[in-house]
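Q: Take this structure, written in structure tokens, and hold onto it; I'll ask about it next.
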Amino acid sequence: NAGVTQTPKFQVLKTGQSMTLQCAQDMNHNSMYWYRQDPGMGLRLIYYSASEGTTDKGEVPNGYNVSRLNKREFSLRLESAAPSQTSVYFCASSGERQGAGEQFFGPGTRLTVL
Amino acid sequence: TQLLEQSPQFLSIQEGENLTVYCNSSSVFSSLQWYRQEPGEGPVLLVTVVTGGEVKKLKRLTFQFGDARKDSSLHITAAQPGDTGLYLCAGAGGGKLIFGQGTELSVKP
């Protein structure tokens, strides 16, 4: 099993460009999450999906959109990238609906916006 | 808004020393998780504590959940260079996890 996979691993964008970060899990988990990680700020939740067909905003949703394409895949889209979105993005999944269970993380996407 | 304050933010110690990392909140959590993250990788779960006052041991690591389920601590005995990494606490509530800022631990040989 691959667990949680993310593509791409690295990306450099210019201000105003758009891109989609892809995430897939093969553990048959119901819940999926997108976080960003910045120095000294831990992990901050951008959006999450408790089950296929549902998505909810997290702590820092502005500037992002998500799609839960099916049970396996959860994508994060930046419509018009800004330098403040330079960060490391992590996708995670969990078998627990209420967020209390273990979350399994992908390896991350390192995004730089110039 | 639920917040988790983690301290210290940075810790640099010599091999063989003991250390404690704290995770505090004014909110009650249904459970609290501790993760460890190595450079270039995603966090990996170390332990989940659920019951107030619970103590769990994982080799040289001891985790404690406060009686009121608002705080937690991680104690490492006789730290080794292999313990180096970022330690994150995360409280469960409202269908999601709230993460602390993390503690960057460096253990020098």
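Just so it is clear, none of the values below were taken in a lab; they were calculated from the coordinates. In this text the structure is predicted, and so the values were computed from the model without any measurement. Don't worry about glycine lacking a Cβ; one is built from the backbone with ideal geometry, like all the others, and counts go over all protein chains shown.
Q: List the relative contact order of segment B:7-75 as a percent without decimals, with contacts defined as Cα pairs under 8 Å and 6+ residues apart. Kindly include the intermediate steps, with their values, before the conclusion.
A: Working: 113 pairs, mean separation 21.7, N = 69.
Relative contact order, segment B:7-75: 31 percent.
Q: I want to check the label-to-label distance for A:Glu59 and A:Glu73. Put each point 7 Å from Cα in the C-beta direction and report it in nm to one decimal.
A: My value for the distance between the label points is 2.9 nm.
Q: Going by C-beta contacts inside 10 Å, put A:Arg68, A:Arg44 in order with the fewest on the left. All intermediate terms of the calculation are to be shown ahead of the outcome.
A: Values: A:Arg68 19, A:Arg44 16.
Listed from fewest to most nearby Cβ atoms, that is A:Arg44, A:Arg68.
Q: In sequence order, what are the phi-derived ³J(HN,Hα) couplings for segment B:14-21 according to the Karplus relation 6.51 cos²θ - 1.76 cosθ + 1.60 with θ = phi - 60°, rounded to whole Hz, with x for glycine and proline?
A: The phi angles translate into 8, 3, x, 6, 9, 8, 9, 10 Hz.
Q: List the residues, sorted by chain then number, that are 5 or more residues from B:Glu54 or on another chain and whose placed amide H is less than 5 Å from its amide H.
A: B:Phe65
Q: At 7 Å along Cα-to-Cβ for each site, give me the label-to-label distance between B:Ala78 and A:Glu52 in nm.
A: So the label points at B:Ala78 and A:Glu52 sit 5.0 nm apart.
Q: Once you have the Cα-Cα distance between B:Lys59 and B:Gln9, take 0.36 nm times their residue separation minus that, and quote the gain in nm to one decimal. Mind dumping the intermediate values first?
A: Values: separation 50, 0.36 × 50 = 18.00 nm, distance 2.35 nm.
So the extension gain works out to 15.7 nm.
Q: Pull out a ≥ b ≥ c, the square roots of the eigenvalues of the alpha-carbon gyration tensor of the protein assembly as shown, then state rounded if a/c is under 1.5, prolate if not and a/b is larger than b/c, and oblate in the remaining case. Could the numbers behind the result be given before it?
A: Working: a/c = 1.91, a/b = 1.46, b/c = 1.31.
Here the protein assembly as shown falls in the prolate category.
Q: Right, next: Using the Karplus curve 6.51 cos²θ - 1.76 cosθ + 1.60 with θ = phi - 60°, what ³J(HN,Hα) values do you get for each residue of segment A:90-95, in whole Hz, with x for Gly and Pro?
A: The phi angles translate into 10, 9, 9, 9, 8, x Hz.
Q: Then there's this: Measuring from centroid to centroid over Cα atoms, what is the spacing of segment B:20-37 and segment A:1-77 in Å?
A: Comparing the Cα centres of segment B:20-37 and segment A:1-77, I get a distance of 23 Å.
Q: For the residues B:Lys108, A:Lys71, B:Lys96, what sequence is obtained by ranking on other C-beta atoms within 10 Å, fewest first?
A: Details: B:Lys108 11, A:Lys71 16, B:Lys96 23.
Starting with the residue having the fewest Cβ neighbours, the order is B:Lys108, A:Lys71, B:Lys96.
Q: Fewest to most neighbouring Cβ within 10 Å: what's the order for B:Ile76, B:Ile13, B:Ile98?
A: So the residues, fewest neighbours to most, are B:Ile13, B:Ile76, B:Ile98.
Q: Additional query: Taking R0 as 45 Å, what FRET efficiency do you get between B:Lys108 and A:Thr7 from their Cβ-Cβ distance, rounded to the nearest 0.05? List each step's numbers first, then the result.
A: Working: r = 36 Å, r/R0 = 0.80.
After rounding, the FRET efficiency stands at 0.80.
Q: Dipole magnitude of chain A about its Cα centre, charges +1 at Lys/Arg Cβ and -1 at Asp/Glu Cβ only, in debye to the nearest 20?
A: Details: 11 positive and 9 negative charges, 53 e Å.
Dipole magnitude for chain A comes out near 260 debye.
Q: Something else about it: Please turn the phi angles of segment B:94-109 into ³J(HN,Hα) values with the Karplus equation 6.51 cos²θ - 1.76 cosθ + 1.60 (θ = phi - 60°), one per residue in order, whole Hz, x for glycine and proline.
A: Listing the rounded values in order: x, x, 8, 9, 10, 9, x, 6, x, 10, 8, 9, 10, 10, 9, x Hz.
Q: Still on this model: What is the Rg over Rh value, at two decimals, for segment B:2-50, using alpha-carbon atoms and the Kirkwood definition of Rh?
A: On the way: Rg = 13.0 Å, Rh = 13.0 Å.
That ratio is 1.00, to two decimals.
Q: 5 Å is the cut-off here: which amide hydrogens, built 1.01 Å from N in the peptide plane, fall below it relative to A:Gly58, excluding neighbours closer than 5 in sequence?
A: Those qualifying (amide H under 5 Å, at least 5 residues apart or on another chain) are A:Tyr47, A:Tyr48.
Q: Oh, and also: Please identify every one of the trypsin sites (Lys or Arg not before Pro) in segment B:26-87 that sits in a loop by DSSP and has no more than 13 other beta carbons within 10 Å of its own beta carbon.
A: B:Lys59, B:Arg60
Q: With the contact rule set at Cα under 8 Å and sequence spacing of 6 or more, what percent relative contact order holds for chain A?
A: Working: 303 pairs, mean separation 40.6, N = 114.
For chain A, the relative contact order is 36 percent.
Q: Here's a follow-up. What translational D, rounded to a whole number of µm²/s, comes out for chain B from Stokes-Einstein when the hydrodynamic radius is the Kirkwood one over Cα pairs, at 10 °C and 1.306 mPa s? If you can, show how the numbers build up before the last one.
A: On the way: Rh = 13.8 Å.
Once the numbers are plugged in, D ends up at 115 µm²/s.
Q: Within straight cross-link reach of A:Lys57, meaning Cα distance under 26 Å, which lysines are found once same-chain residues fewer than 8 apart are removed?
A: Partners found: A:Lys9, A:Lys14, A:Lys71, B:Lys70, B:Lys96.
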